[in-house]
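A short worksheet on the structure shown next.
Read-outs throughout are calculated quantities, based only on the coordinates presented, and are distinct from any laboratory measurement. Bear in mind that the values here come from a model prediction, so they are computed numbers and not experimental data. Here the Cβ is made from the backbone with ideal geometry for all residues, glycine too, and neighbour counts use every protein chain on show.
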Amino acid sequence: MGICLGKTTTSRSPWPDLPPDLAALIISRLPSHRDRLSFGAVFRDWRLAARQELPPAMPCISLGRGAYQSIADGKVFRSSHGADVTSFGSYLLYKHSRRLFLRDSSSTIEIPRDHHECADECSDRGAHDPCGSKRTWPLIPAEGVAFTMRKVLVCSSSLLVAILNRDAGRPVSAYCLVFFRPGTGQLSWVLLLTTNMYGYKHGYKYRDIALYRGKIFALISSEQLFTHEIEQPCRVQHVIKEHTPLPPGIGPSSPKFLVKYYIVVSSDNRKLLMVRWNIPHAAYVHHSKMNLQVFEADLEKRQWLEVNDLDGQLLFLSRTCSRALAGSSTEHYGQTFRGNRVFILGTDWARIRRRLNPCTCHDCEKLGNGVPSYCVYDMTSGKLSLVSLRRTRRRKNAGSEWFFPSG
């Protein structure tokens, strides 16, 4: 997975008589992925069987320049691919010899550095026809990979879908949808455009994407939801057209940057959820001042339905990856990781904070000064708390992502 996790021994177990059920209980109480790998390497005979019963490991948070810190035990690891690396879920995107690669614990995919428009109607084309014009544009500007690729979704070994900040560096950004098929001879990402009622091609401003029920679901800024077919991404269906009521403290004329949207598939893969949070446009903004709502996509009635309970799940939200984990008992992981909680990166909160009138208390100052942290919203109580990572320094223009190690 490109993270230096240290050496694990393959020697004979120092506790050969340890009962497997007791060993499985021990590993189930290790929330850190690294500790599970180390402990599992000693007890190789039962590790695979016990994996089915393990509660989910907690993710790491990016500290920048290839460093990641576990939120479970505070340990810091570094990428073996250098400082210019970005994480998308369980994948790392990095550059090597002027080429781009996407890697997890089991595979490495080379991806193109250019993109081109899907200029022709491709709904009747073959699944592997790249379609479109031959004119290409650079994918990665001077600002780098992280500034351009907002999200990369690995649908399968033969299809990647991404949200591309096509106008990176300009005052107004256009977040477009692009796709790429590895191993088919496709030399650049294909930019998806839609024909409107007047016959003009345009691209929506995409907020988030998710793979659900074998289709690509895409959310735009007006809370409308679209689906794209896996075999033919240009084939689009408009599944939800109506938006939900405006959140508290937000009016039609409020700045758009005050509201953040994410879509995430539930941990049991049965529901598609939209999470919307905003900071009220108040005189002074404290880190605890946040409204958060969760909605379920009712695909039969084509509408969003608000839910007040996450069925014990933990939701981790960020622009590069959002993921739902099944809730674990407080006995195993502590109070912070109880169910029905939503985890938001402190840098995402701070981006809004910088554009408002921020509070100057100690916690809010840490957010504003780039101290790596995350916010935890309790769906039961409606309260928000701030967690600052240990052994970390302040950073200018800090950016963070969730990283979910695999393997």
For this session: Quick one: order Arg65, Arg103 by neighbouring beta-carbon count within 10 Å, fewest to most.
Result: Arg65, Arg103
For this session: For a footprinting-style exposure proxy, rank Ser400, Ser79 by other Cβ within 10 Å, fewest first.
Result: Ser79, Ser400
Exercise. If Lys and Arg each add +1 and Asp and Glu each add -1, what is the summed charge of the other residues whose beta carbon sits under 12 Å from the beta carbon of Leu305?
Worked result: -2
Exercise. Ranked highest first by the average count of other Cβ atoms within 10 Å around their residues, in what order do 315-325, 179-189 fall?
Worked result: 315-325, 179-189
Exercise. What are the residues whose amide H is under 5 Å from the amide H of Gln303, where those residues sit 5 or more places off or on another chain and H is modelled from the backbone?
Worked result: Asp298
Exercise. What Kirkwood hydrodynamic radius, in Å, does the range 344-386 give when the mean of 1/r is taken over all pairs of distinct Cα atoms and then inverted?
Worked result: 10.7
For this session: Please arrange Ile279, Ile250 by counting, for each residue, the other beta carbons lying within 10 Å of its beta carbon, fewest first.
Result: Ile250, Ile279
